[in-house]
Amino acid sequence: MNQKYNTKQAEFVVLYGRRRIGKTSLIREFIKDKRHFFYSAVQVTDNVQLSKVSELIFDTFGKSAYMNSFEDWEKALNYLGDLSEGGEKIVIAIDEFPYMAQGNPSLASVLQKVWDLSLSHKNVMMVLCGSAMSFMEHEVLGEKNPLYGRTTGIIKLNELDFDIARQFFGAGNITEHLKYFAVFSGVPYYLQMINPDLTFEQNLLKNIFSVNSVLFNETEFLLKQELREVAQYNAIVESIAHGDTRLNDIFMKTGIEKTKLPYYIGNLIDLGIVRREFPADMKDKEKSKSKSGLYKLDNGFFRFYYAFVYPYMSAILEGNANIILEEVVTPRVDEYIAYEFENVVRRHVQRWAGENKLPIRPVKVGRWWAKDQEIDVMGIDLHGNLILGECKWQLKKMGLNHLNQLKIKAENFDLNNKKVYFMLFSKSGFTEELTQVAESEETLILCDYSGEEVRIIKA
């Protein structure tokens, strides 16, 4: 954002991302020391919206002796553009732009005209922001729409990764923080709800299992904001949350017609709720025709909600949240967190590769599976050299047996003239025997997640 602001030309930036992700906070932080006009749209008629914008303009930049309100959007936008003449760049930031456009379907065309004829030639930075993902991608950025080709910057704001999200958790080790991250994901709004003075279970009860909490109805709200036929999407998400990862499995669980399932799932993928995962060594051109892709939920909070809250809604509404927490969540929570632990590990491997901290620099990092075998982490560099990794979220230390099992799995690959490195990732550390091997074996790297920071053991 600052890079765009510091240019000597007009800039048009589109900022979007799902609700609660921190877009408004980002804009407010960005504009706080700059000359700006910031308006957060609301769901009202077009006339009321224009009246609110007019009032805010005059309150911000001084009353007009000639008018109390602008006649139309073109005059309002041109007025803001004229404020940039002879001074510092002015930021015109419109939050929740979809609300404005819904009230006036021609607004995008008006903005295109004003940008082309006026604002693009002035010392202006226009920022359009929105939470309605499908609207922003199709109605603002889509190639058939008036604003297509006008933007000079597009920012899709995603969730925070684990290492940044840890600042919300207070003091503690990685494993404790991972428990929270696996449930609340990397959405800043959710993370702010965590009370470090409460236990993990108390935070779940207060923030998710309480019928009066914001998060109790959060997924339903998000789906209704973006999609129709919410019942169909609820069924699909719940099915995937319970381990149905293939199209036929989802069809058998939900009963939704097979011909319609790809459409529904495609929408969920566009919203960042679902992703399709392929073995890490599969070539991109093979993916479109492959049947080996698996559907996974791409958001930790959705995974938790549809695994532990949505199926037990009646019991929770009847006041039995404690029972669900004690008899359903607690026995299965480590299995649930183990999945997110693997995701975090793979992102760490990607980051370490970029920082040149690994013996090879993989450009692809993911999982690998075939029939009855699976490898938690596979990294492949440009020369075909491999990193193979095993993750264990368990109370026991990882030992030599885990390394030997991983080496057996490596026999699935043609390693002629290729290098292979083995990485083990443990919640609870490693046996002394395995640690000694790592200190002498150059192809083995151990990553201990039991402390406050990852401890790497290698030769």
Of those in the range 284-302 that are assigned to a helix (DSSP H, G or I) and either touching a residue at least 40 places away in the same chain (Cβ under 8 Å) or hydroxyl-bearing (S, T, Y) (or both), the residue nearest to A231 (Cα to Cα) is F302
(Q) Can you find a residue that is of a type outside the set (D, E), touching a Ser or Thr at 6+ places or on another chain (Cβ under 8 Å) and modelled with pLDDT of 90 or more anywhere in the range 104-120? (A) no
Residue hits (the range 430-455; within 21 Å of N343 (Cβ to Cβ) and in contact (Cβ under 8 Å) with a residue 12 or more places away in the chain) are I445, L446, C447, D448, Y449, S450, G451, E452, E453, V454
Quick count over the range 361-386, residues being buried (at least 19 other Cβ atoms within 10 Å of the Cβ) and out of contact with any helix residue (DSSP H, G or I) (no Cβ under 7 Å at 6 or more places or on another chain), is 5
Item to complete: Determine whether F37 is modelled with pLDDT under 95 and either part of a loop (DSSP other than H, G, I, E, B) or in the same structural domain as S120 (by TED's automatic domain parsing) (or both).
Response: no
When every residue in the range 313-344 that is of a type in the set (G, A, S) and part of a helix (DSSP H, G or I) is compared, the one nearest to A235 (Cα to Cα) is S314
Given the conditions (1) under 25 Å from F221 (Cβ atoms); (2) among the hydrophobic types (A, V, I, L, M, F, W, C); (3) more than 24 Å from the chain's Cα centre (by Cα), every one holds for L128 apart from (3)
Would you check if Y305 is within 15 Å of S210 (Cβ to Cβ), part of a helix (DSSP H, G or I) and within 21 Å of the chain's Cα centre (by Cα)? yes
If you go through F58, F30, the only one that is over 24 Å from Y148 (Cα atoms), of a type in the set (F, W, Y) and in contact (Cβ under 8 Å) with a residue 60 or more places away in the chain is F30
The lone condition E137 fails out of (1) within 21 Å of K224 (Cβ to Cβ); (2) surrounded by fewer than 16 Cβ atoms within 10 Å (Cβ to Cβ); (3) of a type in the set (D, E, K, R) is (2)
Per the filter on the range 133-159, residues touching a residue at least 24 places away in the same chain (Cβ under 8 Å) and part of a loop (DSSP other than H, G, I, E, B) are L141, N145, P146, L147, R150, T151, T152, L157, N158, E159
For M378, the lone unmet condition from (1) aliphatic (A, V, I, L, M); (2) under 29 Å from the mean Cα position of the chain (by Cα); (3) under 23 Å from E176 (Cβ atoms) is (3)
Those residues of the range 10-20 which are out of contact with any Ser or Thr (no Cβ under 8 Å at 6 or more places or on another chain) and not basic (K, R) amount to L15
Within the range 415-433, identify whether any single residue is modelled with pLDDT of 95 or more and in a helix (DSSP H, G or I), and answer yes or no. yes
Residue in the range 400-407 that is free of Cβ contacts under 8 Å to residues at least 60 places away in the same chain and not in a helix (DSSP H, G or I) present: no
Of (1) out of contact with any Leu (no Cβ under 7 Å at 6 or more places or on another chain); (2) touching a residue at least 24 places away in the same chain (Cβ under 8 Å); (3) hydrophobic (A, V, I, L, M, F, W, C); (4) closer than 23 Å to G87 by Cβ, V42 satisfies every one except (4)
Expected single match for of a type in the set (V, I, T) and in the same structural domain as V237 (by TED's automatic domain parsing) among V328, V344, V365, V349 is V328
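The values are calculated or read from the model by the stated rules, or taken from the named source; none is laboratory data. The structure presented is a predicted model; accordingly, all values stated were derived computationally and were not measured. When we count neighbours, we look across all protein chains shown, and the Cβ atoms used for this are built from the backbone with ideal geometry, even at glycine.
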